[in-house]
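What follows is a short report on a single structure.
The values are calculated or read from the model by the stated rules, or taken from the named source; none is laboratory data. Just so it is clear, the model here is predicted, and its values are computed rather than measured. Cβ atoms come from the backbone with ideal geometry, glycine included; neighbour counts cover every protein chain shown.
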Amino acid sequence: MPDEDSVTPVHWRTIYLSDIHLGTRGCRADLLLDFLRHNESDYLYLVGDIVDGWRLRRWWYWPQAHNDVVQKILRKARKGTRVYYVPGNHDEMARDYCGLNFGGVNVVREAIHATADGKRLLVIHGDEFDGIVRYARWLAMLGDWAYAAALNLNTAFNAGRRLLRLPYWSLSAYLKYKVKNAVQFIGDFETAVAAHARSRGLDGVVCGHIHHARIRDIDGVRYCNDGDWVESCTALVEDDDGQMRVLRWTGTVASPIEAPAAARPRLAAE
């Protein structure tokens with residue numbers, strides 16, 4: 001692990017992260033720590049499912065890297081980053097503490113963020129627009145089990161790819177987006193979230209929940225999803241001009257800074 005004092009981070013006005021799922025074996029805490037070392041911001045929004053309470057209730061898994069992520073975020077708050085935590089469905093227990101501040105982290109049910117170019121964005125996790133989560137919790141739990149099984153398969157699959165010196169490739173993401181119903185669900189979700197923001201007179205929305213990073217215009221509303229840190233390892237960022245983009249982080253803890261260019265994020269193909 002490099003000395004943090006030797007890292008010159010990229011500065012953004014705002015960073016949005018969600019669906020980290022600390023407490024699960026699928027969480028890419030190593031890549032997230034690398035991202036957090038190389039990127040700073042004035043505002044940091046944690047857009048839900050940061051800790052996976054569903055999984056932790058079934059069995060305890062909390063390696064040092066997951067604790068390091070929490071400590072890194074708290075350190076950013078102490079150094080002046082304005083941190084807002086919008087709990088999701090997997091960390092819904094934190095919704096009982098909305099309105100409180102813990103170590104510089106403000107827990108809120110939702111937020112309205114004003115971008116540098118004057119746009120007002122609703123920041124929510126998005127599970128409110130997932131009918132399965134709202135009305136068939138048992139089915140959501142079953143889906144979570146199936147998703148975890150796919151991620152375990154993904155881990156074994158990529159272990160084989162590493163032996164062949166091939167780059168990481170998400171088998172679970174490929175399987176998900178090849179399923180017609182999953183693709184239809186994503187489209188319906190995006191439309192519903194954007195319509196809600198429009199009904200409130202807002203210019204756009206930032207959310208997570210569906211693990212599908214994307215920026216698109218939906219009938220005049222800017223829809224932004226920051227993705228996840230299980231499959232895609234993506235973050236949503238706002239620059240000093242108010243422009244939004246998705247970053248897909250591909251660095252590794254093993255060799256985080258081999259050259260200045262190696263520390264820079266690669267843009268997701270959106």
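Selection of first residues in the range 219-243 that are within 17 Å of SER18 (Cβ to Cβ) and at pLDDT below 95 and of second residues that are surrounded by fewer than 24 Cβ atoms within 10 Å (Cβ to Cβ) and among the hydrophobic types (A, V, I, L, M, F, W, C), restricted to Cβ pairs under 6 Å at least 6 apart or on distinct chains, gives the following pairs, ordered by first then second residue: GLU231/ALA173; CYS233/LEU31; CYS233/TRP249. Tell me, please, whether a residue that is in contact with a helix residue (DSSP H, G or I) (Cβ under 6 Å, 6 or more places away or on another chain), among the polar types (S, T, N, Q) and within 24 Å of HIS209 (Cβ to Cβ) can be found in the range 11-28. Yes, some residue in the range 11-28 is in contact with a helix residue (DSSP H, G or I) (Cβ under 6 Å, 6 or more places away or on another chain), among the polar types (S, T, N, Q) and within 24 Å of HIS209 (Cβ to Cβ). Scanning the range 54-71 for residues that are of a type outside the set (Gly, Ala, Ser), closer than 26 Å to ILE210 by Cβ and surrounded by 15 or more Cβ atoms within 10 Å (Cβ to Cβ) returns TRP54, ARG55, LEU56, HIS66, VAL69, VAL70.
Residues in the range 182-197: is at least one over 20 Å from THR234 (Cβ atoms), assigned to a helix (DSSP H, G or I) and at pLDDT below 90? There is at least one residue in the range 182-197 that is over 20 Å from THR234 (Cβ atoms), assigned to a helix (DSSP H, G or I) and at pLDDT below 90. Of the residues making up the range 40-53, those that are outside any loop (DSSP other than H, G, I, E, B) and buried (at least 21 other Cβ atoms within 10 Å of the Cβ) are SER41, LEU44, TYR45, LEU46, VAL51.
Here TRP62 meets each of (1) part of a loop (DSSP other than H, G, I, E, B); (2) touching a Phe, Trp or Tyr at 6+ places or on another chain (Cβ under 7 Å); (3) farther than 19 Å from CYS224 by Cα with one exception, condition (2).
Quick one: is ARG216 closer than 23 Å to ILE112 by Cα, out of contact with any Gly (no Cβ under 8 Å at 6 or more places or on another chain), at pLDDT 75 or above and among the charged types (D, E, K, R)? When the stated conditions are applied, ARG216 passes them. Scanning the range 93-118 for residues that are part of a loop (DSSP other than H, G, I, E, B) and touching a residue at least 40 places away in the same chain (Cβ under 8 Å) gives THR115, ALA116, ASP117, GLY118.
Of the residues in the range 78-106, how many are under 22 Å from HIS211 (Cα atoms), surrounded by 15 or more Cβ atoms within 10 Å (Cβ to Cβ) and of a type in the set (A, V, I, L, M, F, W, C)?
3
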